[in-house]
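Single-structure report; data block below.
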Amino acid sequence: MVVYSGKSVFGGIAIGKICVYAKEDSQVKRERIEDPEAEIKRYHEAKDVAIEQLGVLYEKALKEVGEDGAGVFEAHQMMLDDGDYIDSVENIIRTQSVNAEYAVAQTGDQMAQMFLDMEDEYFRGRAADVHDISERLIGVLSGKGSGGIQTDEQVIIVADDLAPSETVQMDKDKILSFVTVHGSANSHTSILAKTMNIPAMIGCDIPLDDTVNGKMAVVDGFEGKVYIEPNEETMAAKKKLYEEEQEKKALLEQLKGKDNVTLDGQHINLYANIGNTKDLGLVLKNDAGGIGLFRSEFIYLGSQDYPTEEEQFEIYKTVAQTMAGKKVIIRTLDIGADKQADYFALPKEENPAMGLRAIRICLTRPEVFKTQLRAILRASAFGKIAIMFPMIISLEEVKEIKGIVNEVKTELDDAGISYDKNIELGIMIETPAAVMVADELAEEVDFFSVGTNDLTQYTLAIDRQNDSLEKFYNSHHPAILKMLKMIVDAAHRHGAWAGICGELGADLTLTKDFLAMGFDELSVSPGRILPLRKIVLETDVSEYKKSLNEANP
Amino acid sequence: MASFDYVIKDVHGIHARPATELFKLIKGRDCVVKVAKGDKEVPFKGVMGIMSLGAKQGDSVKFSFEGAEADALMAEVKAFMEANL
């Protein structure tokens with residue numbers, strides 16, 4: 001048994017044979033040709049084929065890893081169409097009367113070297129892209145494929161590094177795990193592994209030869225190790241782990257479709273947080289009861305100018321219709337602080353976390369706010385939408401917001417446009433001030449949703465992006481837990497409901513406490529819904545409360 | 001000839017994504033575009049040239065335009081830079 005370690009980018013256990021992925025030898029020969037113009041034509045034809053191939057890969061990657069992961073193929077298309085690159089290839093063919101393969105290899109090396117000579121790490125990394133497109137061109141010119149895995153069984157892929165164009169071409173059903181010598185945690189391979197839900201490791205010092213190729217192995221993505229020809233004892237232990245994992249997955253599958261009811265009959269809504277319409281598939285797949293936080297800011301951040309009412313309406317309508325009557329809570333514009341859109345031209349601030357952000361922008365620029373409200377209200381005719389306002393600190397703000405909502409409603413009435421007249425309005429509780437005046441606020445709204453990330457940051461006066469403060473940071477700080485209880489109680493006293501949509505909502509060690517406090521809803525990222533449901537189904541809230549009382553009489 | 005200077009505000013500078021988008025704007029237009037950073041000037045014929053400038057946050061770049069569509073294209077490029085970089 002030989003063991004290699006690396007950095008795990010996704011957990012899980014894979015057991016199977018190793019397949020070393022070797023790039024095809026692309027040794028290019030320099031050959032004299034008679035007709036440079038014909039050779040240039042051959043190069044252009046190959047370039048068109050390569051661009052077409054990349055278009056296919058782009059579509060494939062879009063489905064497998066989403067837009068961020070697929071963008072690289074579009075960038076590669078652009079590189080193939082680069083004027084400097086084309087000029088250089090044509091120039092070499094013409095002046096040296098050589099074959100296109102050689103001219104491409106020369107050009108690729110030169111351009112890659114240009115990037116390698118740059119100071120910045122990011123630009124140096126682009127040399128790999130230049131090599132990737134040059135190899136693709138040479139592959140097309142010489143009629144060779146671009147490597148691949150030839151196997152009928154499922155394998156663990158071991159490689160030096162995997163270019164996006166390589167992983168996207170692999171038959172995903174055949175892959176148990178990825179192990180690479182190089183690569184980064186944000187690479188395409190890592191994204192793909194996460195999407196496919198398979199263990200993956202990078203930075204592994206594994207040799208790429210017959211000492212591992214074809215051998216039986218175990219990848220443990222939890223500890224970041226690969227065991228080649230594991231001994232009986234290791235194999236047995238890992239098999240057990242693997243089976244436990246499979247059981248867990250199967251159990252979660254079984255939990256789909258179940259009500260979120262505790263053993264003693266307390267019900268809680270488990271909703272999903274999403275930041276894009278692309279996430280809707282995951283929401284449905286994980287059986288969310290609704291959307292508890294729809295972060296509308298992506299519409300603003302992905303735009304070059306204020307998004308129009310029509311653009312927004314289409315998006316909200318799609319979400320409402322996709323959720324087919326299940327609740328969709330749309331949070332109004334929450335930019336400022338770490339989320340900036342240039343066209344807002346917000347002034348630079350000394351302390352943006354406490355600056356002009358979220359509802360403060362909306363109340364300063366009511367026209368921007370009203371455009372969004374009109375779009376949301378119009379979409380409310382197509383499903384069950386609720387509106388939630390972020391960063392509230394006072395009763396006056398809530399009254400002002402409700403005034404604006406009513407103005408928009410009147411405008412819609414006058415224009416004869418339909419909307420849900422009973423649309424729920426709620427606020428996020430993310431400032432200590434809102435907690436202290438929660439009773440007054442609850443009078444005015446239908447629900448509260450606690451944004452625990454900001455509430456914790458403002459309560460503890462700790463910037464959560466500052467790593468050096470980690471030892472002072474405690475997400476379970478008693479002050480926070482006390483506040484959560486105050487928030488639920490205030491809501492319930494005034495007939496409002498209360499939920500949590502911050503990261504803490506997904507903290508499985510607190511689920512029982514949230515039930516005991518009486519929260520009506522938890523909204524978490526889609527993948528966390530079923531694990532939460534499992535705990536809810538196994539909890540007896542009255543028993544748990546009793547045990548708490550006994551511990552703290 | 002029309003031209004404008006721009007100081008990059010984006011932390012990543014002119015990386016692959018904006019270079020790609022910029023090139024899409026310029027491709028096929030009746031206009032010769034050049035980009036310069038300091039004393040290095042490159043003809044904007046694709047993504048590699050502009051990326052080879054290695055323009056980062058705080059760097060000043062100069063775009064110049066010559067041709068029938070110079071003014072219109074300059075306005076588009078300027079708007080793109082302001083919105084994205």
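Can you say whether A:D68 is more than 30 Å from A:N231 (Cβ to Cβ), over 24 Å from the mean Cα position of the chain (by Cα) and acidic (D, E), as far as the supplied structure shows?
Numbers: more than 30 Å from A:N231 (Cβ to Cβ): yes; over 24 Å from the mean Cα position of the chain (by Cα): no; acidic (D, E): yes.
Here the answer is no, as A:D68 does not meet what is asked.
Please find, among A:V28, A:V56, A:V49, the residue that is exposed (fewer than 14 other Cβ atoms within 10 Å of the Cβ), under 19 Å from A:G139 (Cβ atoms), of a type in the set (A, V, I, L, M) and more than 14 Å from chain B (Cβ to nearest Cβ).
Values: A:V28 fails: exposed (fewer than 14 other Cβ atoms within 10 Å of the Cβ); A:V49 fails: exposed (fewer than 14 other Cβ atoms within 10 Å of the Cβ).
Criteria check complete, one pass: A:V56.
Could you check A:Q110 against (1) of a type outside the set (V, I, T); (2) closer than 20 Å to A:G183 by Cβ; (3) surrounded by fewer than 18 Cβ atoms within 10 Å (Cβ to Cβ) and say which number it fails?
A:Q110 satisfies all of (1) of a type outside the set (V, I, T); (2) closer than 20 Å to A:G183 by Cβ; (3) surrounded by fewer than 18 Cβ atoms within 10 Å (Cβ to Cβ) except (2).
Which fully enclosed helices (runs of 4 or more DSSP H) of the range B:12-85 have 2 or more residues being touching a Lys or Arg at 6+ places or on another chain (Cβ under 8 Å), facing chain A (nearest Cβ under 8 Å) and surrounded by fewer than 17 Cβ atoms within 10 Å (Cβ to Cβ)? Before the answer, list the steps.
Working: elements: B:16-26, B:47-52, B:70-84.
Helices (runs of 4 or more DSSP H) meeting the threshold: none at all.
Could you list, in sequence order, the residues of the range B:3-17 that are among the small types (G, A, S) and modelled with pLDDT of 90 or more?
Narrowing the range B:3-17 to residues among the small types (G, A, S): B:3, B:13, B:16.
Residue satisfying the conditions is B:S3 alone.
Out of all the residues in the range A:393-411, is one or more small (G, A, S), surrounded by fewer than 13 Cβ atoms within 10 Å (Cβ to Cβ) and at pLDDT 95 or above?
Yes, the range A:393-411 has at least one match.
Would you check which residues across the range A:468-478 are loosely packed, with under 15 Cβ neighbours inside 10 Å and touching a helix residue (DSSP H, G or I) at 6+ places or on another chain (Cβ under 8 Å) and list them?
A:F472, A:N474 - these are the residues of the range A:468-478 that are loosely packed, with under 15 Cβ neighbours inside 10 Å and touching a helix residue (DSSP H, G or I) at 6+ places or on another chain (Cβ under 8 Å).
From A:D414, A:D420, A:D446, which residue is over 25 Å from A:D507 (Cβ atoms), assigned by TED's automatic domain parsing to the domain that holds A:L504 and in contact with a Lys or Arg (Cβ under 9 Å, 6 or more places away or on another chain)? Full working, then the answer.
Values: A:D414 fails: in contact with a Lys or Arg (Cβ under 9 Å, 6 or more places away or on another chain); A:D446 fails: in contact with a Lys or Arg (Cβ under 9 Å, 6 or more places away or on another chain).
On inspection, the qualifying residue turns out to be A:D420.
Take the residues of the range A:72-97 that are surrounded by 19 or more Cβ atoms within 10 Å (Cβ to Cβ) and touching a strand residue (DSSP E or B) at 6+ places or on another chain (Cβ under 9 Å): which is modelled with the lowest pLDDT?
Out of the qualifying residues, it is A:D84.
Tell me, which residue of the range A:98-124 that is modelled with pLDDT under 90 and more than 8 Å from chain B (Cβ to nearest Cβ) is nearest to A:V168 (Cα to Cα)?
A:R124
Which numbered condition in (1) closer than 23 Å to A:I51 by Cα; (2) more than 14 Å from chain B (Cβ to nearest Cβ); (3) crowded, with 23+ Cβ neighbours inside 10 Å is the only one that A:S142 fails?
Result: A:S142 passes all but (3).
Of the numbered conditions (1) more than 20 Å from A:V9 (Cβ to Cβ); (2) of a type in the set (A, V, I, L, M); (3) modelled with pLDDT of 90 or more, A:L252 satisfies every one except a single condition; which is it?
(3)
Is it fair to say B:F4 is touching a Lys or Arg at 6+ places or on another chain (Cβ under 7 Å) and either within 13 Å of chain A (Cβ to nearest Cβ) or crowded, with 16+ Cβ neighbours inside 10 Å (or both)?
Details: touching a Lys or Arg at 6+ places or on another chain (Cβ under 7 Å): yes; either within 13 Å of chain A (Cβ to nearest Cβ) or crowded, with 16+ Cβ neighbours inside 10 Å (or both): no.
No.
Is it the case, given these coordinates, that A:S468 is free of Cβ contacts under 8 Å to residues at least 40 places away in the same chain, among the small types (G, A, S) and under 22 Å from A:L270 (Cβ atoms)?
no
Scan the range A:246-304 residue by residue and report those that are in a helix (DSSP H, G or I), more than 27 Å from A:G66 (Cβ to Cβ) and either touching a residue at least 40 places away in the same chain (Cβ under 8 Å) or assigned by TED's automatic domain parsing to the domain that holds A:V524 (or both). Before the answer, list the steps.
At the first step, the residues of the range A:246-304 found to be in a helix (DSSP H, G or I) are A:246-255, A:277-285, A:297-301.
Going one step further and asking which of them are more than 27 Å from A:G66 (Cβ to Cβ), we end up with A:247, A:251, A:254.
Listed by number, the list holds a single entry, A:L251.
Are any residues in the range B:9-37 more than 15 Å from A:D81 (Cα to Cα) and within 11 Å of the chain's Cα centre (by Cα), and if so, which ones?
Answer for the range B:9-37, where residues must be more than 15 Å from A:D81 (Cα to Cα) and within 11 Å of the chain's Cα centre (by Cα): B:I14, B:P18, B:V33, B:K34, B:V35, B:A36, B:K37.
Looking only at residues in the range A:113-147 that are of a type in the set (D, E, K, R) and touching a residue at least 24 places away in the same chain (Cβ under 8 Å), which one is farthest from A:G183 (Cα to Cα)? Even if it seems obvious, please write down each step before you answer.
Residues of the range A:113-147 that are of a type in the set (D, E, K, R), as a first pass: A:117, A:119-121, A:124, A:126, A:129, A:132, A:135-136, A:144.
Restricting the remaining residues to those that are touching a residue at least 24 places away in the same chain (Cβ under 8 Å) gives A:129, A:132, A:135-136, A:144.
Numbers: A:D129: 13, A:D132: 15, A:E135: 19, A:R136: 20, A:K144: 26 Å.
It comes out as A:K144.
Condition first: assigned to a strand (DSSP E or B) and either surrounded by 13 or more Cβ atoms within 10 Å (Cβ to Cβ) or not assigned by TED's automatic domain parsing to the domain that holds A:G451 (or both). Can you find one or more residues in the range A:347-359 that meet it? Write out each step before concluding.
Filtering the range A:347-359 for residues assigned to a strand (DSSP E or B) gives none.
Within the range A:347-359 (the criterion being assigned to a strand (DSSP E or B) and either surrounded by 13 or more Cβ atoms within 10 Å (Cβ to Cβ) or not assigned by TED's automatic domain parsing to the domain that holds A:G451 (or both)), the answer is no, since none of the residues qualifies.
Quick one: B:S64 ticks every box in (1) free of Cβ contacts under 8 Å to residues at least 12 places away in the same chain; (2) over 23 Å from A:H76 (Cα atoms) bar one, so which box is it?
That leaves (1) as the condition not met.
Looking only at the range A:331-361, which residues are of a type in the set (K, R) and without any contact (Cβ under 8 Å) to a residue 60 or more places away in the chain? It would help to see each step written out before you state the result.
Taking the range A:331-361 first, the residues of a type in the set (K, R) are A:331, A:339, A:348, A:357, A:360.
Result: A:K339, A:K348, A:R357, A:R360.
For the range A:151-228, which fully contained strands (runs of 3 or more DSSP E) count at least 3 residues that are more than 28 Å from A:D68 (Cα to Cα)?
Numbers: elements: A:155-159, A:175-180, A:200-202, A:216-220, A:225-228.
Because the criterion is at least 3 residues that are more than 28 Å from A:D68 (Cα to Cα), the strands (runs of 3 or more DSSP E) in the range A:151-228 that meet it are A:216-220, A:225-228.
Among residues belonging to the range A:308-339 that are hydrophobic (A, V, I, L, M, F, W, C) and within 11 Å of A:F294 (Cβ to Cβ), point out the one that is surrounded by the most Cβ atoms within 10 Å (Cβ to Cβ).
Of the range A:308-339, the ones hydrophobic (A, V, I, L, M, F, W, C) are A:313, A:315, A:319-320, A:323-324, A:328-330, A:333, A:335, A:337.
Filter once more, keeping what is within 11 Å of A:F294 (Cβ to Cβ): A:315, A:319-320, A:323, A:328-330.
Numbers: A:I315: 19, A:V319: 23, A:A320: 25, A:M323: 23, A:V328: 28, A:I329: 24, A:I330: 24.
Filtering first and then ranking leaves A:V328.
The values are calculated or read from the model by the stated rules, or taken from the named source; none is laboratory data. Since the model is a prediction, treat every value here as computed from it, not as a measurement. Quick reminder, even Gly has a Cβ in these numbers, built from the backbone with ideal geometry, and neighbours come from all protein chains shown.
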